[in-house]
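Written below as structure tokens is the structure these notes are about.
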Amino acid sequence: MAEIKIDGKVFQERISHFINAWKADKRSGDALFNGVSSILILMGKVDDTNPEFHKNNAMHFWLLGYEFPTTLMLLTLDTIYILTTQKKAKYLDQIKGGRFPVEVLVRGKDSTENEMLFVKITDAIKAAGKKVGVLSKDASKGPFIDEWKKLFAENCKDAEEVDVSHALSVGAFSVKDEGELRAMRTSSKACVALLTPYFLDEMSNILDQEKKIKHSALADKVYNKLEDVKFWKTVELPNRQKLPADLDPEQLDWILGPVVQSGGKFDLKWQSDSDNDVLHPGVIIAAMGLRYKSYCSQVARTFMVDPNKSQESNYKFLLAVHNLILKEIRDGVVVKDVYAKALALVRSKKPDLEKHFLKNVGYGIGLENKDPTLILNSKNSRALKDGMTLCVTTGFNDIQNPSAQDKNSKVYSLVLTDTIRVTTSEPVVFTGEAPVDVDATSFFFKDDEEAQPTPKKEKRDSRVGAVATKNITSTRLRSERTTTVVDDADKKRRAHQKELATKKQKEGLAKYSESTADENGVEMKKFKRFESYKRDNQFPPKIRDMGIVVDQKNATVILPVMGRPVPFHINTIKNAGKSEEGDWSFLRINFLSPGQGVGRKDDQPFEDASAHFVRSLTFRSLDGERYGEITNQISNMKRDAVKKEQEKKDMEDVVEQDKLVEIRNRRPAVLDNVFIRPAMEGKRVPGKVEIHQNGIRYQSPLSTTQRVDILFSNVRHLFFQPCTHELIVIIHIHLKDPIIIGNKKKTKDVQFYREATDIQFDETGNRKRKYRYGDEDEFEAEQEERRRRADLDRLFKGFAEKIAEAGRNEGIEVDMPVRDLGFQGVPFRSNVYIQPTTECLIQITEPPFMVITLEDIEVAHLERVQFGLKNFDLVFIFKDFTRTPSHINTIPVESLEDVKEFLDSSDIAFSEGPLNLNWSVIMKTVTADTHQFFIDGGWGFLQNESDNEDDGEEMSEESNFEISESELEEASESSEEDSDFDSQASAEASDDADASDEEEGEDWDELERKAKKRDRESGLEEEEQQRGGNKKKQRKR
């Protein structure tokens, strides 16, 4: 104990915090501490072979940072008494002299003096009051404890012992400060590092090589890895980040396992060690827990080898329940409500699993590896608080396997365990780097073995090496364009695409294994009741005249019916119109009723559609001007109501972020002189971006209120785009949930940029360069601009890396676009340059921005891919079928092979066809009954179209496709239909294509003149002139 150093400042802060909570409870009625006037903490002899951690150990670690065996602590509202040996007492001098008095009593070898010290402690207990707080489940042992208990029984006969375990948990341990949370975060990352990649790699190699290993032997490998210092310095987490540089492996220790279970024998309470049974390739559960600087964390994952559909379905449901629990956990929520919602989900979705559901879904964790006062079950009425840390365990125990391969697979269990921090919104998952999705936890060895012979046959292809090494067109003229592709690469791509299509079909059938026809694929619209007035006295006074009254305040029109004023809410009115016949003016008010929709996309729901409805009311009057005024008032009120409803609908997905925690003790990292997009209100002036503890802030110099806060927890992607080939250098942030910027501007993309043009800079003087003559001056200007651009790139890239470093706990990484793989396209209205990154396909140079995450894509479809067209379209269908497919139109056909190669290398299944499809109709079919859609072949109808085209190419080298006149007419009709998903640019391009195909009787010269005109519009005329004329070429029709 020579190197013991106790932080006196932390001790004083924590003891003061605890005493203040104790005093506050006394003032409010002793609900927490039950009226105790002193608290006794005993620590006996520690068993090093089997250490146990309870609240007495936790109190030592919390106050002192170390465990002091054979020590007694007595806390009163005024003083803390510590009775210990002389060797330990000298270290306690470090905590003396603070605001809260500390009295250290030193034991020696004289038994009489030692007894007098115990008597002093008992006197302090009696002086404080009759009630003394103790730990009822304290199992401390040893001669020191026995001696104290004997003297306490003699001297404190009137003292009433009260259990203060709950009070210690609430007042001291459960809510962690920043230092404690940092230790828990490090402990959690160490757990993740041992689980993934180390355990996962070891297990995968063993299963792949079909080795036999006992659970205990595999667990020992993981156990011994804790001592490998080199491992801790080099290991990378699944998100490719390394552990904190200040990690001290010497302070890591095991608190759980590691536990490895398989073969039908599962204990999700982790009460037994790994047994000597052989690892069974089925359902494998791994759990482990570590302590770092006295703070604990746990993680557990379920891995499945060749799972059947039932197991995959149950695991996906387990993940859904786990995510629901994490979503419900936040500040102020009662523990039993969390468990109740999880159980309700199990009962509603899969009631057969209710009996297998665990009796609790976790517990508090920190200094104790399990806080018994904070069990997440159906009986605990304790409220969660911001700063608490929990070990959340969701599991189903002993599920029967209907498709068991052997006797060891008849029963299996599923479990997920994460260590989290409670916040005011969604919790922070410290062990979130350990993947939980089905793809990451499932292993398929049988499928791999069956698929191995296929690629071997391709290697024997005699044509390999007989193809051209380049596929670059020498001209952009269609008459000179070559359509030759590398046969071998094209075959491999087709084979890979078939594999991807088959995989997508299997995933779709597994994901939507249950029919969704009852839901009809659409969220059921609920009947809304509109209340204008609650009482009669709320009517406006004008109704006494028995005229038509438009009440703007209550959004109501009051009409006289049968001598009585009848209010109609504006949402029940369809429209109003005025007409005149002779001297009379007629006012007709139409109401919403079944059979007449309010719009093409929306139908008004009714409580009872079979009831009688008033469809319209007509009034007449000689005062035409008044009826005109009433008509305008009703129309304006209806327009405002629709606008308000639309704004409310638009704001549904906007979430309120947590508050930004500013850095106070030092100056934050700043990037100055930058502009923001979307732009804020007012004059366009550059501001600055600051990096704070949990996010970044853009501050405008115009006003302190003009600022934008972005939390790291809401950042999905962070991009840096250099100013090479561009006029601006960019740091772009794509958000998980949209935020509001300025005056009700909703956006999921926020961008900080600086212009790279030399018009604002003059480093040789303080004015613009107006006069530049001669080659030397031009050369100097070019050199200066190159240097300035390089400096800008270096500055912005460094700041983006600082943002990623500050948000590393949220898995933020800097991504850069690869310009060489980019292509031109029209995602919205204008033709822009689209570039891929590691995880996305982006266009962030011009607004509106486009950021498509590759992992969100279900399939891609290439439209208008046919001979004779200069451009084609690309459509992305997302895994969330309710999301609108994304279109990139008018992509030059020269980029077709590059786009195909990019999609194929990104493992995105794609298909192609000659026509534009009506995606609104297709997606309605998909969402109406997704289960039936995949049974009928899923996205195969797109692939079949591509296969048919391929067959046509093999039949005739000169003709790329054949299409009848009737099919051509149908294509024209379908392209003219309105589509919610097609943009205007795609429609225009499609019309041009159809028009060119429908024109018959025109000779090739006429077609060539039209093509030349289009090329001129695309800026390609100059290139054609350089090539010296057009080369005519006959083709078959």
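The values are calculated or read from the model by the stated rules, or taken from the named source; none is laboratory data. Predicted model only: the values in this text are computed from it and were never measured. For neighbour counting, all protein chains shown are included, and Cβ atoms are generated from backbone atoms with ideal geometry for every residue, glycine included. The area values use the complete protein model at the heavy-atom level, side chains included, leaving out ligands, DNA and RNA. Shrake-Rupley method; radii C 1.70, N 1.55, O 1.52, S 1.80 Å.
General remarks:
- Search result, residues across region 183-209 that are touching a Phe, Trp or Tyr at 6+ places or on another chain (Cβ under 9 Å) and free of Cβ contacts under 8 Å to residues at least 60 places away in the same chain: A193, Y198
- Taking every residue in region 740-760 that is part of a strand (DSSP E or B) and at pLDDT 90 or above and pairing it with any residue that is hydrophobic (A, V, I, L, M, F, W, C) and open to solvent by 70 Å² or more (accessible area, probe 1.4 Å), at least 6 positions away or on another chain, the pairs with Cβ-Cβ distances below 8 Å are E755/L727.
- First in region 91-111 and surrounded by 14 or more Cβ atoms within 10 Å (Cβ to Cβ), second anywhere and part of a helix (DSSP H, G or I) and of a type in the set (A, V, I, L, M), Cβ under 6 Å, 6 or more apart: F100/I15; V102/I95; V104/A89; V104/L92; L105/L117; V106/A89
- Looking across region 466-489, the residues that are in a helix (DSSP H, G or I) and either at pLDDT 85 or above or open to solvent by 40 Å² or more (accessible area, probe 1.4 Å) (or both) come down to R478, E480, D487, A489.
- Those strands (runs of 3 or more DSSP E) of region 813-878 in which at least 3 residues are under 24 Å from the mean Cα position of the chain (by Cα), considering only elements entirely within it, cover 840-843, 850-853, 857-863, 871-878.
Yes/no matrix, rows are residues, columns are (1) within 27 Å of E507 (Cβ to Cβ); (2) touching a Cys at 6+ places or on another chain (Cβ under 9 Å):
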{"site": "K269", "(1), (2)": "no, no"}
{"site": "D273", "(1), (2)": "no, no"}
{"site": "D277", "(1), (2)": "no, no"}
{"site": "I285", "(1), (2)": "yes, no"}
{"site": "Q298", "(1), (2)": "no, yes"}
{"site": "P307", "(1), (2)": "yes, no"}
{"site": "Q311", "(1), (2)": "yes, no"}
{"site": "L319", "(1), (2)": "yes, no"}
{"site": "I329", "(1), (2)": "no, no"}
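- In summary, S713 fulfils each of the numbered conditions (1) touching a strand residue (DSSP E or B) at 6+ places or on another chain (Cβ under 8 Å); (2) at pLDDT below 90; (3) part of a helix (DSSP H, G or I) with the single exception of condition (2).
Residues checked against (1) of a type in the set (D, E, K, R); (2) out of contact with any Gly (no Cβ under 6 Å at 6 or more places or on another chain); (3) modelled with pLDDT of 95 or more:
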position: S830; (1), (2), (3): no, yes, no
position: T838; (1), (2), (3): no, yes, no
position: Q843; (1), (2), (3): no, yes, yes
position: E846; (1), (2), (3): yes, yes, no
position: V851; (1), (2), (3): no, yes, yes
position: E855; (1), (2), (3): yes, yes, no
position: Q866; (1), (2), (3): no, yes, no
position: L869; (1), (2), (3): no, yes, no
position: F881; (1), (2), (3): no, yes, no
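- Filtered by the rule that a residue be over 26 Å from L367 (Cβ atoms) and at pLDDT 90 or above, region 188-198 gives a lone residue, Y198.
- Residues that are in contact (Cβ under 8 Å) with a residue 60 or more places away in the chain and within 29 Å of the chain's Cα centre (by Cα) were ranked within region 349-369; the one that is surrounded by the most Cβ atoms within 10 Å (Cβ to Cβ) is G366.
- Residues being closer than 22 Å to K736 by Cα and of a type in the set (G, A, S) - total across region 694-724: 2
- Scanning region 57-88 for residues that are under 18 Å from P143 (Cα atoms) and part of a strand (DSSP E or B), we see that the one that is most open to solvent (accessible area, probe 1.4 Å) is T85.
- Looking only at region 499-551, residues that are at pLDDT below 85, open to solvent by less than 50 Å² (accessible area, probe 1.4 Å), among the small types (G, A, S) and under 30 Å from L903 (Cβ atoms) come to 1 in all.
- Here P372 meets the list (1) touching a Ser or Thr at 6+ places or on another chain (Cβ under 8 Å); (2) crowded, with 22+ Cβ neighbours inside 10 Å; (3) in a strand (DSSP E or B); (4) of a type outside the set (G, A, S) almost entirely, failing just condition (2).
- Annotation: of all residues in region 763-795 being open to solvent by less than 60 Å² (accessible area, probe 1.4 Å) and not in a helix (DSSP H, G or I), the one that is modelled with the lowest pLDDT is G765.
- Residue in region 898-909 that is assigned to a strand (DSSP E or B) and polar (S, T, N, Q) present: no
- Residues in region 210-225 that are touching a residue at least 12 places away in the same chain (Cβ under 8 Å) and open to solvent by less than 80 Å² (accessible area, probe 1.4 Å): 7 in all.
- Residues that are at pLDDT 90 or above, in a helix (DSSP H, G or I) and open to solvent by less than 80 Å² (accessible area, probe 1.4 Å), drawn from region 796-809: F796, G798, F799, A800, I803, A804, A806
- Test for K211: is it touching a Gly at 6+ places or on another chain (Cβ under 6 Å) and of a type in the set (D, E, K, R): no
- Extreme residue, farthest from S886 (Cα to Cα), among residues of region 838-850 that are in contact with an Asp or Glu (Cβ under 8 Å, 6 or more places away or on another chain) and surrounded by fewer than 20 Cβ atoms within 10 Å (Cβ to Cβ): T838
- Flag if E912 is surrounded by fewer than 20 Cβ atoms within 10 Å (Cβ to Cβ), among the acidic types (D, E), at pLDDT below 95 and touching a helix residue (DSSP H, G or I) at 6+ places or on another chain (Cβ under 7 Å): no
- Residue list for region 383-409, restricted to those being open to solvent by 10 Å² or more (accessible area, probe 1.4 Å), part of a loop (DSSP other than H, G, I, E, B) and free of Cβ contacts under 8 Å to residues at least 60 places away in the same chain: A404, D406
- Matching entry among T882, T890 (being in contact with a helix residue (DSSP H, G or I) (Cβ under 7 Å, 6 or more places away or on another chain) and either open to solvent by 50 Å² or more (accessible area, probe 1.4 Å) or assigned to a helix (DSSP H, G or I) (or both)): T882
- Hits in region 184-209 (condition: under 20 Å from P249 (Cβ atoms) and open to solvent by less than 10 Å² (accessible area, probe 1.4 Å)): M184, S187, S188, A190, C191, V192, A193, L194, L195, T196, F199
- Flag if K644 is touching a Leu at 6+ places or on another chain (Cβ under 7 Å), of a type in the set (D, E, K, R), at pLDDT below 90 and open to solvent by 50 Å² or more (accessible area, probe 1.4 Å): no
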